[in-house]
Amino acid sequence: MAQQTISLEWYIGEEGSPWAHGLTGQWLDVVDEMGTGSLERQMIVRILRNTAIALLATILIAGTAQPPWVSEQVRVGNGIQVAFRLEDQAHHSGDLAALGALLDEQAAGRWQHIWKSVQPTGGTNDTPASAGLVDGNLEEDESTVKLIRLEQAGHLIMAEVIVHRRAYGWTGFNPYRETRFYSESKDGWIRTMPDTSFWGTQQVLEMDHLRFELYARDAAYVQERIAQWDELYRNLHTMLGVEMPRADARLTFVITQDPVRGRGGYGDRFELTSPLLVQTPDYLSLEDYLHQSVVSRLTYHVTTANLFESSNGQQYEENVVGRWRTIRRGLRSWLRSELLDPDWPWDLQAQNVFYASLPEHHPLKLATLSHGPENMSDEREALLWRTAATASLFAYVAETYDINTKSNKHLPSFIQGFKEHRTWDALIPAIFDITMEEFENDWNHWLDLQLSSAPETTLLHP
């Protein structure tokens, strides 16, 4: 079924356009070209002017009665806006039952928990959904859900919206973009999910090293970037000084219509939620968000599979899970920052938290990377700080020891060193042939330069 856009658009004639002078002026130009005499010209002009006035009056009178399709568009749009208002009221009061009444519970499946939940920073399940989460730039009577576009999708209505509340999960960007589906019930418009026919046929797209299993609806997002991802996957191995996997060991991505939590993968297989169903930062397109998601999984896979496992495939529990866990997270953050523009939302938040507090905690010590500053009690903020602080360490090593010297050996050796050494005072001299204190002083000097040259940033926006 061809999609029909449900929207009303107005076109206003610009100065200098053919419509700017009005109908009568256009007709007079035609009369002038006829070359008629003065009396005859006046009679024709009078007839045409009267005809124009009568025609305009007819149009205005007829315009008071909208065509049926326009009335239906207005009715649908108004009904969905009512659902937005009811959603606002339920969030404001923390009434999960009221939120549930706005959902098609049979179709929503695993999405119900996300649609009915907002996870506040440092909060609990008992925290009202609106606590500290609504965008402070909104007027008191404004809806937090702003309608961008409505489109018919089979028997459903697809609504693109901007939501001025924190997104679900730890990233918590605000505002966020979302595509929703609505169906009409006897009690109004309720949020639902499209059936399998909406997604089309199953497809497989492959390159030399990557494989995507997906449905036709999402194919365009992947086709545009798959060659770029395949090359990026090879470049990651080169950057880190590790060998490519064997030719028949493709890394597989499955694009699903279910919510995917965490990394959504194991071994050589990852799951990603369809871009049409995720909450994305309002400054990212769906294509860009999928690109960021794929790149994030690629960095995770390459670093975990090659750099933080022993020769027999077992992770060093003491080093990785304990002492060096932050190192792995920071390495992935730095790699994403090198490969993505704009930054991954989590990394962007981490950088802002870190650089905003850097003067307070300067100079930094390597030992601080594992737990964060002592006076930073908020768990999420401390994790953001540790991520960006460790990412800065890899950025410093790459720029100072490899880029400036046109070498490509220190960074891979530094990363590999975490498999061989248990402490900083053993690792640093082994790789850089200087003491840990000298290394820390040089790193802090580099951070000073970064801080003095960096423009002011606004949290959650590139």
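The values are calculated or read from the model by the stated rules, or taken from the named source; none is laboratory data. Computed from a predicted structure; not experimentally measured. Note that we place each Cβ from the backbone using ideal geometry, even for glycine, and neighbour counts take in every protein chain shown.
Considering each residue of the stretch 260-274, count those that are in contact (Cβ under 8 Å) with a residue 40 or more places away in the chain and surrounded by fewer than 17 Cβ atoms within 10 Å (Cβ to Cβ), and give that number. Working first, answer last.
Looking only at the stretch 260-274, we keep the residues that are in contact (Cβ under 8 Å) with a residue 40 or more places away in the chain, and these are 274.
If we keep only those that are surrounded by fewer than 17 Cβ atoms within 10 Å (Cβ to Cβ) too, we end up with none.
Count: 0.
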Inset, instruction - Go through the residues of the stretch 251-259 one by one and say whether even a single one is closer than 30 Å to GLY154 by Cα, among the aliphatic types (A, V, I, L, M) and touching a helix residue (DSSP H, G or I) at 6+ places or on another chain (Cβ under 7 Å). - result: yes
Legend entry - Subset of the stretch 362-377 (residues that are more than 19 Å from SER453 (Cβ to Cβ) and either of a type outside the set (Gly, Ala, Ser) or part of a helix (DSSP H, G or I) (or both)): LYS365, LEU366, ALA367, THR368, LEU369, SER370, HIS371, PRO373, GLU374, ASN375, MET376
Legend entry - Failed condition for LEU340, given (1) surrounded by fewer than 17 Cβ atoms within 10 Å (Cβ to Cβ); (2) closer than 27 Å to LEU286 by Cβ: (1)
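Would it be correct to say that THR400 is surrounded by fewer than 19 Cβ atoms within 10 Å (Cβ to Cβ), at pLDDT 90 or above and in contact with an Asp or Glu (Cβ under 8 Å, 6 or more places away or on another chain)? Explain how you work it out, then say what you get.
On the way: surrounded by fewer than 19 Cβ atoms within 10 Å (Cβ to Cβ): yes; at pLDDT 90 or above: yes; in contact with an Asp or Glu (Cβ under 8 Å, 6 or more places away or on another chain): yes.
Yes.
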Legend entry - Residue satisfying all of: in the stretch 240-250; within 26 Å of ASP402 (Cβ to Cβ) and not small (Gly, Ala, Ser); surrounded by the fewest Cβ atoms within 10 Å (Cβ to Cβ) among these: GLU243
Legend entry - Pairs, first at positive phi in the stretch 230-259, second part of a loop (DSSP other than H, G, I, E, B), C-beta under 9 Å, six or more apart: GLY241/ASN408; GLY241/LYS409
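Report yes if LEU150 is over 16 Å from GLU87 (Cα atoms), within 24 Å of the chain's Cα centre (by Cα) and surrounded by fewer than 18 Cβ atoms within 10 Å (Cβ to Cβ), otherwise no.
Values: over 16 Å from GLU87 (Cα atoms): yes; within 24 Å of the chain's Cα centre (by Cα): yes; surrounded by fewer than 18 Cβ atoms within 10 Å (Cβ to Cβ): no.
Taking the combined requirement at face value, the residue does not satisfy it.
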Inset, instruction - Kindly list the number of the only condition in (1) in contact with a Gly (Cβ under 8 Å, 6 or more places away or on another chain); (2) more than 16 Å from TRP324 (Cα to Cα); (3) among the charged types (D, E, K, R) that fails for ARG386. - result: (2)
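Within the stretch 424-462, restricting attention to residues that are modelled with pLDDT under 90 and in a loop (DSSP other than H, G, I, E, B), which residue is surrounded by the fewest Cβ atoms within 10 Å (Cβ to Cβ)?
Going residue by residue through the stretch 424-462, those that are modelled with pLDDT under 90 are 450-462.
From what is left, the residues that are in a loop (DSSP other than H, G, I, E, B) are 454-457, 459-460, 462.
Details: ALA454: 10, PRO455: 4, GLU456: 7, THR457: 13, LEU459: 12, LEU460: 19, PRO462: 12.
Applying the filter and picking the extreme gives PRO455.
Filter the stretch 369-380 for residues that are modelled with pLDDT under 90 and either within 21 Å of PHE439 (Cα to Cα) or not basic (Lys, Arg) (or both) and give the result. Outline the logic, then answer.
From the stretch 369-380, those modelled with pLDDT under 90 are 370-380; that's our starting set.
SER370, HIS371, GLY372, PRO373, GLU374, ASN375, MET376, SER377, ASP378, GLU379 - these are the residues of the stretch 369-380 that are modelled with pLDDT under 90 and either within 21 Å of PHE439 (Cα to Cα) or not basic (Lys, Arg) (or both).
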Inset, instruction - For THR387, work out the one condition from (1) touching an Asp or Glu at 6+ places or on another chain (Cβ under 9 Å); (2) at pLDDT below 85; (3) closer than 21 Å to ASP347 by Cα it doesn't fulfil. - result: (2)
Legend entry - Enumeration of residues in the stretch 188-201 that are touching a strand residue (DSSP E or B) at 6+ places or on another chain (Cβ under 6 Å) and loosely packed, with under 14 Cβ neighbours inside 10 Å: GLY200
Inset, instruction - Could you look through the stretch 224-282, keep only residues that are aromatic (Phe, Trp, Tyr) and touching a Phe, Trp or Tyr at 6+ places or on another chain (Cβ under 6 Å), and pick out the one that is modelled with the lowest pLDDT? - result: PHE270
Inset, instruction - Output the residues belonging to the stretch 271-294 that are out of contact with any Ser or Thr (no Cβ under 7 Å at 6 or more places or on another chain) and of a type in the set (Phe, Trp, Tyr). - result: TYR283
Legend entry - Meets criteria (surrounded by 17 or more Cβ atoms within 10 Å (Cβ to Cβ) and closer than 13 Å to HIS301 by Cα) for LEU214: no
Legend entry - Single residue of ARG177, ARG165 found to be under 23 Å from the mean Cα position of the chain (by Cα), outside any helix (DSSP H, G or I) and at pLDDT 90 or above: ARG177
Inset, instruction - Could you please give the count of residues in the stretch 67-91 that are more than 14 Å from LEU147 (Cβ to Cβ) and part of a helix (DSSP H, G or I)? - result: 10
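Scanning for something modelled with pLDDT of 85 or more and under 27 Å from ARG380 (Cα atoms), does the stretch 117-129 turn up at least one residue?
no
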Inset, instruction - Confirm whether LEU133 is modelled with pLDDT of 90 or more and crowded, with 17+ Cβ neighbours inside 10 Å. - result: no
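Residues of the stretch 201-236 being part of a loop (DSSP other than H, G, I, E, B) and out of contact with any Asp or Glu (no Cβ under 9 Å at 6 or more places or on another chain), which ones?
If the condition is that a residue be part of a loop (DSSP other than H, G, I, E, B) and out of contact with any Asp or Glu (no Cβ under 9 Å at 6 or more places or on another chain), then THR201 is the only one that fits.
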